[in-house]
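To start, the structure itself, in structure tokens.
The values are calculated or read from the model by the stated rules, or taken from the named source; none is laboratory data. Since this is a predicted model, take the numbers as computed values, not measurements. Note: ideal-geometry Cβ built from the backbone for every residue, glycine included; neighbour counts use all protein chains shown.
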Amino acid sequence: MYINPKWRVLTVGDGDLSFSASLLKYHQPQQLTATIYDSKVCLQEKYDDNYYQQLQQENCQVITGFDVTDKNTWGTLKQHSFDVVIFQFPLLPAFSSKQAFQAQCETSSVNTLNRALLRQYLVNCFAYFLNEKGAQLALITSKNVKPYLQWDIEKALHRNTDINYIGRFTFDISKFPGYKVRNVNRNKHVKSTQGTTYIYSLKSLDTCKTMFDSDSTEYITYNLKSRIPVQKTCQICRTGAFASERDKLMHLATKKHQQMFDYDQQWTNYLQHESINQLSAANNEAGSNNE
Ligand SMILES: C[S@@+](CC[C@H](N)C(=O)[O-])C[C@H]1O[C@@H](n2cnc3c(N)ncnc32)[C@H](O)[C@@H]1O
């Protein structure tokens, strides 16, 4: 992961804060604000607060109980003041009970809920966290295995927004000594599997490419337009080129494709409801302004 020392960095959902502590020590950004979803008490119970203490000693702002989807939890965070926001290995918080799980998943699958969390993260990064004159980058690092790969991170999250998906690079954990990827609800750390960091910006791909090409040594796979004709590919599974129509039909009949197709349908329905809700909220607001 490339961190320019001039950047002001915000980390989101950083389990035990070991990522932020390592980032501060080994990459030395101009400024770091670290946030965790758990309360301070919960942090102490699950892990311990060594990294919390360490960051505080370095005069780094740490905000606990920070829910990236809920403005009311952002406390003293200085909005519009960051160059880059980083969410490492995001995952919905554990459900508190079977009933809570059933209630949440009554209308949406866990796959849709995870996509929704990441969509809200991206939208809030550009609406509230990033400085419009800064580098304007939102990063998500995720694992290269199921179920994470089924979130269709590169295409689905920013659909119908003005956010651009810029590209991705391999996340090299060895550049973050001391960082332990944490489970959502246990104090064990997760076995390291390969991760990929996905890059988003309101800036164009060309502008971001110029910035990275001049500053970063990281190998980035940019989101360039594919030369393969769309009809020879499966856009939902991001696979192809198929050698023949028969090959494509065989792919469309696979369980893997059917499952991705279902997830995509569920996501499309979710986004339709989201835009209906936004429209009615806007109408309500206009109505109350006219009263
Ligand atoms: C698999 S853990 C990874 C933890 C940490 N980022 C790491 O790399 O070790 C997923 C993290 O996402 C956080 N998370 C889930 N929903 C969140 C939300 N709405 N706002 C902020 N963080 C959230 C959880 O609290 C949890 O720490």
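Looking across the stretch 1-26, just one residue is within 16 Å of the ligand (Cβ to nearest atom) and free of Cβ contacts under 8 Å to residues at least 40 places away in the same chain, and that is Leu24.
State whether one or more residues within the stretch 82-93 are farther than 24 Å from Ser174 by Cα and surrounded by fewer than 22 Cβ atoms within 10 Å (Cβ to Cβ).
Step one: filter the stretch 82-93 for residues farther than 24 Å from Ser174 by Cα, giving 82, 92-93.
Applying the additional criterion that residues be surrounded by fewer than 22 Cβ atoms within 10 Å (Cβ to Cβ) yields 92-93.
Scanning the stretch 82-93, I find at least one residue that is farther than 24 Å from Ser174 by Cα and surrounded by fewer than 22 Cβ atoms within 10 Å (Cβ to Cβ), so the answer is yes.
Condition (residue is closer than 25 Å to Cys125 by Cβ and either assigned to a helix (DSSP H, G or I) or not polar (S, T, N, Q) (or both)) applied to the stretch 188-195: is it met by at least one residue? Within the stretch 188-195, one or more residues are closer than 25 Å to Cys125 by Cβ and either assigned to a helix (DSSP H, G or I) or not polar (S, T, N, Q) (or both).
Each row is one residue, and each column tells you yes or no for (1) hydrophobic (A, V, I, L, M, F, W, C); (2) surrounded by 19 or more Cβ atoms within 10 Å (Cβ to Cβ).
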position	(1), (2)
Arg115	no, yes
Leu118	yes, yes
Asn131	no, no
Lys155	no, no
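Of everything in the stretch 70-103 that is polar (S, T, N, Q) and either near the ligand (Cβ under 10 Å from one of its atoms) or not assigned by TED's automatic domain parsing to the domain that holds Gln136 (or both), the residue that is farthest from the chain's Cα centre (by Cα) is Thr73. Residues in the stretch 1-34 that are within 17 Å of the chain's Cα centre (by Cα) and charged (D, E, K, R): Asp14 only. Among the residues of the stretch 27-47, those that are touching a residue at least 12 places away in the same chain (Cβ under 8 Å) and either assigned to a loop (DSSP other than H, G, I, E, B) or among the polar types (S, T, N, Q) (or both) comprise Gln28, Pro29, Gln30, Gln31, Thr33, Thr35, Ile36, Tyr37, Asp38, Ser39, Tyr47.
In the stretch 213-227, what count of residues is obtained for those that are surrounded by 12 or more Cβ atoms within 10 Å (Cβ to Cβ), of a type outside the set (S, T, N, Q) and part of a loop (DSSP other than H, G, I, E, B)? Residues flagged as surrounded by 12 or more Cβ atoms within 10 Å (Cβ to Cβ), of a type outside the set (S, T, N, Q) and part of a loop (DSSP other than H, G, I, E, B) within the stretch 213-227 amount to 2. Output the residues belonging to the stretch 240-282 that are modelled with pLDDT under 95, part of a helix (DSSP H, G or I) and among the hydrophobic types (A, V, I, L, M, F, W, C). Residues satisfying the conditions are Ile276, Leu279, Ala281, Ala282.
Residues are listed down the side, and each one gets a yes or a no for (1) of a type outside the set (Val, Ile, Thr); (2) surrounded by 14 or more Cβ atoms within 10 Å (Cβ to Cβ):
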residue: Phe169; (1), (2): yes, yes
residue: Gln194; (1), (2): yes, no
residue: Ile236; (1), (2): no, yes
residue: Arg246; (1), (2): yes, no
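Tell me, yes or no, whether the stretch 44-59 has at least one residue that is surrounded by 12 or more Cβ atoms within 10 Å (Cβ to Cβ), at pLDDT 95 or above and in contact with a Phe, Trp or Tyr (Cβ under 8 Å, 6 or more places away or on another chain). Within the stretch 44-59 (the criterion being surrounded by 12 or more Cβ atoms within 10 Å (Cβ to Cβ), at pLDDT 95 or above and in contact with a Phe, Trp or Tyr (Cβ under 8 Å, 6 or more places away or on another chain)), the answer is no, since none of the residues qualifies.
Return the residues of the stretch 136-160 that are touching a residue at least 40 places away in the same chain (Cβ under 8 Å) and farther than 13 Å from Tyr198 by Cα; say none if nothing qualifies. Once the filter is applied, which keeps residues that are touching a residue at least 40 places away in the same chain (Cβ under 8 Å) and farther than 13 Å from Tyr198 by Cα, the stretch 136-160 yields Gln136, Val145, Gln150, Arg159, Asn160. Do we find a residue being without any contact (Cβ under 8 Å) to a residue 40 or more places away in the chain and closer than 27 Å to Val9 by Cα anywhere in the stretch 95-110? For the stretch 95-110, residues without any contact (Cβ under 8 Å) to a residue 40 or more places away in the chain and closer than 27 Å to Val9 by Cα: absent. The residues listed here are Asn50, Asn72, Asn114; of these, the one that is of a type outside the set (Asp, Glu) and closer than 28 Å to Asn4 by Cβ is Asn50.
Within the stretch 239-263, the residues that satisfy the criterion of being without any contact (Cβ under 8 Å) to a residue 60 or more places away in the chain and polar (S, T, N, Q) are Thr239, Ser244, Thr254, Gln258.
Taking the stated definitions as given, is Leu113 more than 30 Å from Lys133 (Cβ to Cβ), touching a residue at least 24 places away in the same chain (Cβ under 8 Å) and not in a strand (DSSP E or B)?
Details: more than 30 Å from Lys133 (Cβ to Cβ): yes; touching a residue at least 24 places away in the same chain (Cβ under 8 Å): no; not in a strand (DSSP E or B): yes.
No, not satisfied.
Would you mind stating whether Gly134 is over 30 Å from Asn269 (Cβ atoms), away from the ligand (no atom under 16 Å from the Cβ) and either assigned to a helix (DSSP H, G or I) or modelled with pLDDT of 95 or more (or both)? Yes, satisfied.
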